[in-house]
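What follows is one structure encoded as structure tokens, with my remarks underneath.
The values are calculated or read from the model by the stated rules, or taken from the named source; none is laboratory data. Keep in mind that what you see is a predicted model, and the values were worked out from it rather than measured. Cβ atoms come from the backbone with ideal geometry, glycine included; neighbour counts cover every protein chain shown. Accessible surface is based on the protein model in full, side chains and every heavy atom, while ligands, DNA and RNA are left aside. Shrake-Rupley method; radii C 1.70, N 1.55, O 1.52, S 1.80 Å.
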Amino acid sequence: QVQLVESGGGLVQAGGSLRLSCTASGTIFSISAMNWHRQAPGKQRELVAVTTSGGTTNYAASVKGRFTISRDNAKNTVYLQMNSLKPEDTAVYYCNAEIRPDPSPYLYSYWGQGTQVTVSS
């Protein structure tokens, strides 16, 4: 079994910063992409940032220049540094990882439970 556990959410004023963490644990052979998604009330879940096992990153246009995704492969952990936060960044943030639990080529997608980020104006 594989689990993803997020932490670091909370309440912050506009212009402030937060750092989210997500650690994968359990039966893990390798991890491919690790991503952050978010879902605001009444809206669809959207992809925020992506990092591949090789360190390539990509961002949604709405967060580019403000958010930074990074990962520590030795710790099976992905981070999301969020700066210059805006009220429209308020959402539940979810970690997602593509994981091989064994040496076979099959990847499985796992999700964390989500962490609330609230930005007040």
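Data for the structure
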{"quantity": "Condition check for LEU47: at pLDDT 95 or above, part of a strand (DSSP E or B) and open to solvent by 70 Å² or more (accessible area, probe 1.4 Å)", "calculated": "yes"}
{"quantity": "Breaking point among (1) touching a Ser or Thr at 6+ places or on another chain (Cβ under 7 Å); (2) surrounded by 12 or more Cβ atoms within 10 Å (Cβ to Cβ), for PRO87", "calculated": "(2)"}
{"quantity": "Counted residues, segment 63-80 - those being open to solvent by 60 Å² or more (accessible area, probe 1.4 Å) and either in contact with a strand residue (DSSP E or B) (Cβ under 7 Å, 6 or more places away or on another chain) or within 19 Å of GLY10 (Cα to Cα) (or both)", "calculated": "2"}
{"quantity": "Residue count for segment 98-110, restricted to those that are surrounded by 16 or more Cβ atoms within 10 Å (Cβ to Cβ) and not in a loop (DSSP other than H, G, I, E, B)", "calculated": "4"}
{"quantity": "Number of the exception - ALA60 against (1) open to solvent by less than 40 Å² (accessible area, probe 1.4 Å); (2) more than 20 Å from LYS43 (Cα to Cα)", "calculated": "(2)"}
{"quantity": "Given (1) within 18 Å of SER7 (Cα to Cα); (2) open to solvent by 30 Å² or more (accessible area, probe 1.4 Å); (3) in contact (Cβ under 8 Å) with a residue 24 or more places away in the chain, number of the condition SER32 does not satisfy", "calculated": "(1)"}
{"quantity": "Test set (1) of a type outside the set (Phe, Trp, Tyr); (2) under 17 Å from GLN3 (Cβ atoms); (3) touching a Gly at 6+ places or on another chain (Cβ under 7 Å) - LEU85 fails condition number", "calculated": "(2)"}
{"quantity": "Residue count for segment 50-76, restricted to those that are of a type in the set (Ser, Thr, Tyr), closer than 14 Å to CYS95 by Cα and part of a loop (DSSP other than H, G, I, E, B)", "calculated": "1"}
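Rundown of residues vs (1) within 11 Å of the chain's Cα centre (by Cα); (2) over 15 Å from ALA33 (Cβ atoms); (3) basic (Lys, Arg), yes/no style:
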| position | (1), (2), (3) |
| --- | --- |
| LEU80 | yes, no, no |
| GLU88 | no, yes, no |
| ALA91 | no, yes, no |
| TYR94 | yes, no, no |
| TYR110 | no, no, no |
